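These notes concern the structure reproduced below.
Derivation of every value follows stated rules applied to the coordinates shown; laboratory data play no part. On a predicted model such as this, the values are computed, not experimentally measured, just so you know. Positions of Cβ are generated from backbone atoms using ideal geometry, with glycine treated the same way; all protein chains shown enter the neighbour counts.
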Amino acid sequence: MNVAVKTEVERQPGELFAKAQGRLPGTGPVADLRRKAFDDFLRLGLPHRRIEEWKYTDLRALLRDVAPLAPAPDQAAFARAAGAVKALGIDGTQKLVLVDGAFAPQLSDVAGLDTGVSLRTLREVLEDKDNPVRADLLQTGVASDAMISLNAALATDGVVVGVAEGVSLSRPLHIVHVATHSQTSVVTRSLVQIGKDARVTLVESFVAAEGAKAYQAHDSVVVWIGDRADVQHVRLVEDALDAANITTAVFTLGTKTTLNTFNLTNGGGISRYQGFIRFTGEGGTLTTNGVNLLGSRRHGDTTLVVDHAVPNCSSREVFRAVLDDRAHSVFQGRIIVQPDAQKTDGKMMTRALLLSDEAEADSKPELEIFADDVACGHGSTTGALDESLLFYLRARGLPEKEAQALLIAAFVGEAIESIENDSLRDFASAAAERWLVTRG
């Protein structure tokens with residue numbers, strides 16, 4: 001007899017939402033939308049393996065339930081977060097820091113933002129009763145997904161950034177997420193609007209303050225990119241090794257827009273990065289690269305949906321995973337070519353390197369093509385380190401671990417080299433090197 005096991009959220013419907021009321025900004029239509037979104041989450045429940053998009057990432061088994069919201073940060077939390085930001089070690093950026101789901105102006109470079117960059121907090125916009133469309137900021141419109149609904153229901157804060165037309169940022173714009181509490185949830189949502197002909201490097205980091213463990217980060221970022229803009233997006237996940245990170249990213253590209261994205265996951269016990277990228281103007285170019293570095297029993301999922309809705313656009317997806325112990329990496333990539341999107345050029349390639357017989361890599365590339373004049377393809381490989389190359393390096397005096405590290409570094413180097421900013425590329429390389437030393 002099959003017995004349905006309900007999660008804690010399902011056993012106590014609404015209690016999570018009721019307890020969060022004190023931290024949720026917005027009344028009227030904002031509160032109505034939140035209630036509807038949470039009802040949708042309760043109806044759908046945590047995603048599980050019987051949902052195709054979540055087949056390899058069963059949150060009912062991995063996450064089990066949603067932790068209560070972290071309390072609003074106090075001075076002690078801000079002090080601990082300051083230490084985490086300093087330890088992050090990325091200099092030369094314009095930092096916008098979120099601590100336990102609240103914007104921290106005292107840790108952010110508010111006064112040092114480039115001319116042409118506007119900043120408001122999500123809380124401020126949601127509480128602005130004179131803004132008739134403020135509730136729209138909690139909607140993405142990309143999918144019917146329980147975790148997207150949960151984010152809309154419980155988002156406490158985030159940043160709303162605008163970059164004016166023609167602006168070329170002197171330094172990367174850097175959103176830093178810091179968790180300071182254990183066994184709580186941090187739910188954030190940020191929106192970035194980039195004007196025509198702008199040049200922007202956007203960085204996102206997820207880190208833990210000392211002592212923060214087993215927390216959950218539920219984030220959403222929505223980016224609108226204007227015509228002929230050039231955007232570099234770098235995402236670095238270095239959460240506590242027993243934390244969970246569920247992030248949804250939505251990109252909308254204009255005419256002749258260039259978007260280059262990179263995602264590195266070497267932190268967190270459970271991670272799911274789902275990206276939705278849509279071409280809305282002709283001549284757009286997308287290059288997206290990702291690297292999962294996972295050990296122990298950690299689980300990392302990258303799911304990308306690239307929607308070619310107009311003609312004459314190109315996309316390239318390159319994903320690498322290095323897995324040790326009993327780690328599990330997932331890559332799901334879907335390229336959709338709409339009926340009018342002739343002359344589309346879309347390709348994806350995923351490669352996994354298994355350092356243990358018990359590691360697992362799942363790859364599911366998909367093409368949905370409704371036009372006939374296109375060039376699309378995908379490929380996937382999974383294997384172990386080349387024994388002949390290892391023998392070659394060891395025969396020249398390198399210890400086995402150093403020989404392995406050299407080959408692994410070369411394996412992930414193609415993806416890391418896609419980062420245009422020198423300091424960010426060096427930081428990603430250093431993070432990979434740290435993982436190779438610890439194999440954590």
For the chain, what does the relative contact order come out to in percent, with C-alpha contacts under 8 Å and a separation of six or more? 10
Rounded to the nearest 0.05, what FRET efficiency do Arg199 and Glu360 give with R0 = 41 Å and r taken as the Cβ-Cβ distance? Could you check? 0.55
Charges at C-beta only: +1 for Lys and Arg, -1 for Asp and Glu. How large is the resulting dipole of the chain about its Cα centre, in Debye rounded to 20? 660
Dipole axis of region 67-119 (+1 Lys, Arg; -1 Asp, Glu on Cβ), positive-most option in Val117, Ile90, Pro71: Pro71
Calculate the length of the line joining the C-alpha centroid of region 328-359 to that of region 413-440, in whole Å. 21
Each label point is 7 Å from the Cα along the Cα-to-Cβ direction; what then is the distance between the points at Leu407 and Gln21, in nm? 6.0
For peptides 362-375, 141-154, sequence by mean Cβ density within 10 Å, most packed first: 141-154, 362-375
Tell me, how many Å apart are the Cα centres for region 43-97 and for region 127-154? 18
Sequence-distant aspartates and glutamates (8 or more away, or on other chains) whose Cα lies within less than 16 Å of Lys86: Asp109, Glu204, Glu210, Glu238, Asp239
Candidates per GluC sites (Glu not before Pro) in region 119-209, loop by DSSP, up to 13 other Cβ within 10 Å: none
Roughly what % antiparallel, to the nearest 5, for the DSSP beta bridges in the chain? 5
Report the net charge of residues surrounding Ile148, where surrounding means a beta-carbon distance below 12 angstrom and charges are Lys +1, Arg +1, Asp -1, Glu -1. -2
Can you put Cys376, Cys313 in order, fewest other beta carbons within 10 Å first? Cys376, Cys313
Need one word for region 368-440: rounded, prolate or oblate. Basis is the Cα gyration tensor (sqrt eigenvalues a ≥ b ≥ c); a/c below 1.5 gives rounded, then a/b vs b/c decides. oblate
For each of Glu387, Glu433, count neighbouring Cβ atoms within 10 Å of the residue's Cβ, then give the residues from fewest to most. Glu387, Glu433
Everything considered on the Cα gyration tensor (a ≥ b ≥ c; rounded for a/c under 1.5, else prolate if a/b is larger than b/c, else oblate), the chain must be described as rounded
Assuming R0 = 25 Å, what is the FRET efficiency of Gln75 and Gln183, from their Cβ-Cβ distance, to the nearest 0.05? 0.70
Ranked list, fewest to most other Cβ atoms within 10 Å of each Cβ, for Arg80, Arg35: Arg35, Arg80
